[in-house]
């Protein structure tokens, strides 16, 4: 394999097509969102993306087989929009690879009728907030206005977006496809299911589809409990060396 390829299992043409991209990234928010949408909305797999810019390894399956690392496209027919959900194992490992894979995705998306790209990522703040914000950047003033009305925050996020979450909307603009990157506020050091749930809710409102959030809510509650315990342990470990009356406590560790 010398270049990125997309192998179609079914040739389709969508109406009011929206590409929702949920790939691994900060807090694995994108991947959680992508997989949940594909599974809960019973998406039909229509294509696989393979690239020599993915790691040179394969996954061993439970049934004794093996498969190449890839990204996958799923088709969900909605009330108002046709959704194409892109999720997968990994992103390209180099700058050249990122651009090549993004180009292949945009070319395929345009060919099947996509006119809007929505990418999902995480925005790391290094801390945990109970009520997490959703930040976004976009190539369209109308998208900014519509998402702002749904409580999405624009203009506060700083820095750069690394990988597909930023490249796809930006490169899509050059090809006449509008795009937006929505980012869940997250600590950045663990899988943030709560931030993912918030984004699934946002997308279901904007793209007008119904989805059962029960499984995500349960996972979010579990992860929040674990996180709270970790925070308490960290706090105790920070306070312990300075507690009076403790014998054998040294500043040298």
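The values are calculated or read from the model by the stated rules, or taken from the named source; none is laboratory data. Because the structure is predicted, anything quoted here is derived from the model rather than measured. Because the Cβ atoms are built from the backbone with ideal geometry, glycine has one as well, and the counts that use them run over all protein chains shown.
Summary of computed values
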quantity: Filter result for residue 132 (in contact with a helix residue (DSSP H, G or I) (Cβ under 8 Å, 6 or more places away or on another chain), crowded, with 16+ Cβ neighbours inside 10 Å and touching a residue at least 60 places away in the same chain (Cβ under 8 Å)); calculated: yes
quantity: Restricting the range 188-208 to residues that are in contact with a strand residue (DSSP E or B) (Cβ under 7 Å, 6 or more places away or on another chain) and assigned to a loop (DSSP other than H, G, I, E, B), the residue that is farthest from residue 28 (Cα to Cα); calculated: 207
quantity: Scope the range 138-169; condition farther than 20 Å from residue 201 by Cβ and buried (at least 17 other Cβ atoms within 10 Å of the Cβ); matching residues; calculated: 139, 161, 163, 164, 166, 167, 168, 169
quantity: The range 32-76, residues that are outside any strand (DSSP E or B) and in contact (Cβ under 8 Å) with a residue 60 or more places away in the chain; calculated: 32, 33, 34, 36, 37, 40, 41
quantity: Hey, residue 84 crowded, with 19+ Cβ neighbours inside 10 Å, modelled with pLDDT of 95 or more and over 15 Å from the mean Cα position of the chain (by Cα) or not; calculated: no
quantity: Test: residue in the range 114-121 that is over 18 Å from the mean Cα position of the chain (by Cα), buried (at least 17 other Cβ atoms within 10 Å of the Cβ) and not in a loop (DSSP other than H, G, I, E, B); calculated: yes
quantity: Matching residues, the range 86-101, being in contact with a helix residue (DSSP H, G or I) (Cβ under 6 Å, 6 or more places away or on another chain) and within 15 Å of residue 28 (Cβ to Cβ); calculated: 87, 91
quantity: Given (1) within 19 Å of residue 98 (Cα to Cα); (2) at pLDDT below 95; (3) under 15 Å from the mean Cα position of the chain (by Cα), number of the condition residue 27 does not satisfy; calculated: (1)
quantity: Check on residue 218, at pLDDT below 85 and over 28 Å from residue 82 (Cβ atoms); calculated: no
quantity: Filter result (touching a strand residue (DSSP E or B) at 6+ places or on another chain (Cβ under 9 Å) and buried (at least 16 other Cβ atoms within 10 Å of the Cβ)) within the range 91-112; calculated: 91, 101, 104, 105, 106, 108, 109, 112
quantity: Flag for residue 20 being buried (at least 21 other Cβ atoms within 10 Å of the Cβ), under 22 Å from the mean Cα position of the chain (by Cα) and under 20 Å from residue 106 (Cα atoms); calculated: yes
quantity: Top-ranked residue in the range 26-49 [being surrounded by 24 or more Cβ atoms within 10 Å (Cβ to Cβ) and touching a strand residue (DSSP E or B) at 6+ places or on another chain (Cβ under 7 Å); ranked as farthest from residue 106 (Cα to Cα)]; calculated: 27
